[in-house]
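Reviewing the structure listed below.
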Amino acid sequence: YGGLLTSADLANTDHPLISYTHDYVWETVRRCYLLMDNIDNVPGLSDSEKKNMIAQAKCLIAARYFDLYSIYGGLPIIDKTFTGLEGTYEIPRATAEETAEFMVGLLDEAIPDLLWAYNGNTIDPDAANNTGRWTAAAAKALKAKILLFNASPLYNADQGYYGGSSQAEQDHLVWHGGFSQERWQKALAACEDFFSSNAANGNWYQLNQATASKPAPEDYRQAYRMGYIYQGSKEVIHSTRVSTIYGSQGTYAWWNWVGIGRNSYCPTVEYVEMFPWSSGEPFEWDETASGPKEPKYAIVNASNQKLDPEGQLFYSPVKKDGRRTLQKYAIRDPRLYENAFVNGQQITLDWTTGKSSGDILELWTGGADAGQNIANTKGEIVEQLTTRFPTGFGTIKYYLGEEYHRKFMHWVYLSYDEMLLMWAEALAQTGNNAGALNCVNRVRARVGMDPIEKFIPELTSDKDRLIEEILRERACELGMSNARYLDMIRYKRSDWMTKELHGLKITRLQSVMGNWVENYYAYIGNDKDNGIAEPDHFKYEKFTLQNRRRVMWDLDPNSNDVKKWFLFPLPITEINKGYGLIQNPGWD
C-alpha cells in the first residue's frame, strides 16, 4: 500500500506476490529435473509408474513457472539441471509467448501419462491418499488458465502497457508485440477440451450442490463452503498443502490464518457491494435517499415479500401477522457470508448441517465485537489499526472454527467453479455471449440466484459489459485466492488500482418513544439478558480508508507511475549475475 517495493532483493523484507528468489520456485524446478534425470536408476518401479512421476514433475515445473509468469512476464527457460561448476551461464529471458508455450508444452507432454482423477478412474485402494497429486484434469485446467492469461490484454495487445520504449517491451518480454484473436481461440479450445474430457470421464469434477429439496440460505452456504474446503470435494481439481490436518496448527494451518496477519486484510465496502441480493439482482444503493444511503429494498422471505429498507443490508427480520419474530432472513448472495463476516452474522457454525446459531457478531460502533474499531477522529471517521474489524467487516474464508479440527487441510489451486468462469470469459471474448451466460448462471444457480441476464438484459449482446460481470462474479466466487488481483493485472485495470476504497461505519438504532435514536452499546449482556429483541435497525455511513490508504489512490491511472505495477520488479541481484535478465518497465 505504501508503494515502497523496489528491485532490491532483501530476504527479510516485503516481496511481490510470489518472490522470484524466496518462494522456492527454482529449487522446485531443479528437483523436478533431478527426478527425471535419475528415475531410471530407482529399482522396483514399473515403466508406467516412472512415466507418471515424470509427468507430475513436468506439471510442477509448469505450475511454478505460471506462478511467476502471472506477475513478472517472460522468464528464463530452464530445461535441464546444472552442476554448479559451469564457467558461465547464458539463460536470457524468453518472450512472454515463448514462456507460455514452454509451460503448455510441458503439460501436453504430461497429460497422456496421468490419471484423470484419483478415485475417479482408478481402483487403487490407496487412491484417497493421493488426492493433491497431479492428474490429467489438473494439467488440462492449468493449461487453460495459462492460455487465458496469455490471451488477456496485459500481454495480448496492440501496444505495450508502458508505452513501448523500454527494452523489456521491445524484446516482447512483457507483451506479445501485437493483438491476436487466435490466442483467445486457443484459450477457448483448452477450456472446451477440459470439459469434454471431464464428460468422457463421467463428469467426475462438478459443482458441489445443496442437497435439501427446498434449500435455505444456509444450505447454499454449506454447498459453497464444502465445495472448496472438503478435501474429497469433486469441485477441487488441484490443491496444495503444507501440513496434514487442521489440528496440527502449523503456520499455514487454517486456524493460524489470523496469526500470520491475513485477517487484517478485511473486506471493503467495494468488495461487499459486488455481492447481489439473494435473488441475484445486482446490489445498488438508493441514490435518491437523503443522508446515509440505504438499499432499495430487502427480500425478507421465500415469497419475495418486499419491505421498506429500514437500514438493513444483510438480514431482514421475518414478519408474521405484521409482527417481527425472533427469526431473520439472509437477504444477500450466500457467498457474501462465506467471504466476509458481516454485522448480525451468527458466530457458531455446525459442520454437518451448515446451520449457524448462537450469538451474533456486533460490528456496530460500541458493539461487543467491534468496540471502537471505527471512530470519529477530528471530525473524520477513521478505522483503527489494532482491531479485527476495522472496515466494518472481517475475513472468514479459510478462517474456520473448532468444527474443522481433525479435517484434512488444503489450499485450492484449481477448481471447477473457476474453470466454468474461465470458460465463460473465453466464450465472451470469442463472441458467444449466450454460451458465456450459461456458464456464469451455472455458478450462480449453485447458490440459488436467478440468471444474471434477467436483471441485466443487455448482457446478451454487450460483450464488454458481460466481461465486466464475469470479472465481478469471479471476485464473489473465488474470494481469498488472488483472483481479483490477477484480474486487475491481466486486464490492465489501473482504474481499479487508483480507486479509493471505503469502510462502513454501522450505528445501532433503537426505538425510544416512537423515534429512532443512536445506541452505542453492546447487545450481548444486559440487553440480551433482559429479553430485548436483537437489533435490526442500523444506520450505515461510508468512509474512505485512511490508515490503510494506498499511495496509488492519489495518482493518475493513466500514468506510468501506476502502470509499472502491472508487473513486479525482478531482483537487481539476479540481474547483476549477468545470465540474461532484463528488468521490467519502470523498475530500473
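The values are calculated or read from the model by the stated rules, or taken from the named source; none is laboratory data. Please read all numbers here as calculations on a predicted model, not as lab measurements. Note that each Cβ is placed from the backbone with ideal geometry, even for glycine, and that neighbours are counted across all protein chains shown. Side chains included, ligands, DNA and RNA excluded: accessible areas come from the protein's heavy atoms. Shrake-Rupley method; radii C 1.70, N 1.55, O 1.52, S 1.80 Å.
Once ligands and nucleic acids are excluded and a 1.4 Å probe is used, how much of Ser233 is accessible, expressed in Å² to the nearest 10?
About 10 Å², ignoring ligands and nucleic acids.
Please give the helix 463-477 orientation as an angle from the longest Cα principal axis of the chain, in degrees from 0 to 90, rounded to the nearest 10.
Approximately 80 degrees, to the nearest 10.
What list of ³J(HN,Hα) couplings, whole Hz, do you get for the range 552-558 from phi and the Karplus terms 6.51, -1.76, 1.60, once you set θ to phi - 60° and write x for glycine and proline?
Running phi through 6.51 cos²θ - 1.76 cosθ + 1.60 with θ = phi - 60° gives 5, 4, 9, 10, 6, x, 8 Hz.
Nearest 0.05, what FRET efficiency do Asp588 and Tyr265 give at R0 = 22 Å with Cβ-Cβ as r?
It comes to 0.10.
Tilt of helix 25-38 relative to the longest C-alpha principal axis of the chain, in degrees (0 to 90, nearest 10)?
Long axis of 25-38 versus the principal axis of the chain: about 40 degrees.
Quick one: order Trp364, Trp411 from most to least accessible surface, probe 1.4 Å.
Greatest to least solvent exposure: Trp411, Trp364.
If I model a spin label at Lys355 and Trp411 as a point 7 Å from the Cα along the Cα→Cβ vector, what separation in nanometres do I get?
Taking the two extended label points, one gets 3.5 nm.
What's the extension gain from Asn576 to Arg31 if we count 0.36 nm per residue and subtract their Cα-Cα distance?
193.7 nm
Which label marks the calculated value of semi-axes √(5λ) of the Cα gyration tensor in Å, given the options (1) 43, 28, 24; (2) 32, 29, 25; (3) 37, 26, 24?
It is the value labelled (1).
Looking at the range 403-467, I'd like the Rg to Rh ratio, where Rg is from alpha-carbon atoms and Rh is Kirkwood's inverse mean 1/r.
Ratio value, two decimals: 1.15.
Could you give the dipole magnitude of the range 331-477 about its Cα centre, charging the beta-carbon of Lys and Arg +1 and that of Asp and Glu -1, in debye to the nearest 20?
240 debye
What does the accessible area of Val42 come to, in Å² to the nearest 10, when a probe of 1.4 Å is used?
Its accessible surface works out to 70 Å², give or take rounding.
In whole Hz, with x marking every Gly and Pro, tabulate ³J(HN,Hα) for the range 197-210 from phi via Karplus 6.51 cos²θ - 1.76 cosθ + 1.60, θ = phi - 60°.
5, 5, 4, 5, 9, x, 6, 4, 8, 6, 6, 6, 10, 5
Can you find, among Met497, Leu115, Ala426, the residue farthest towards the positive end of the dipole of the chain? Put +1 on the C-beta of Lys and Arg, -1 on that of Asp and Glu.
So the residue we want is Leu115.
Once Lys and Arg get +1 and Asp and Glu get -1 on their Cβ, which of Gln159, Phe149, Gln181 lies farthest toward the positive end of the dipole of the range 131-186?
Phe149
Mind scanning Lys80/Lys577; Lys499/Lys564; Lys214/Lys542 and naming the pairs with a C-alpha gap bigger than 27 Å?
Checking Cα-Cα distances, Lys214/Lys542 exceed 27 Å.
Report the charge-dipole magnitude of the chain in Debye, nearest 20, computed about the Cα centre from +1 at each Lys and Arg Cβ and -1 at each Asp and Glu Cβ.
On the way: 60 positive and 75 negative charges, 221 e Å.
That gives the chain a dipole magnitude of about 1060 debye.
Dipole size in debye (nearest 20) for the range 84-217 around its Cα centre, Lys and Arg Cβ +1, Asp and Glu Cβ -1?
Approximately 740 debye in magnitude.
Using per-residue counts of other Cβ atoms within 10 Å, averaged over each peptide, order 562-569, 511-518, 139-146 from highest down.
Details: 562-569: 21.8, 511-518: 9.2, 139-146: 26.8.
Output ranking for 562-569, 511-518, 139-146: 139-146, 562-569, 511-518.
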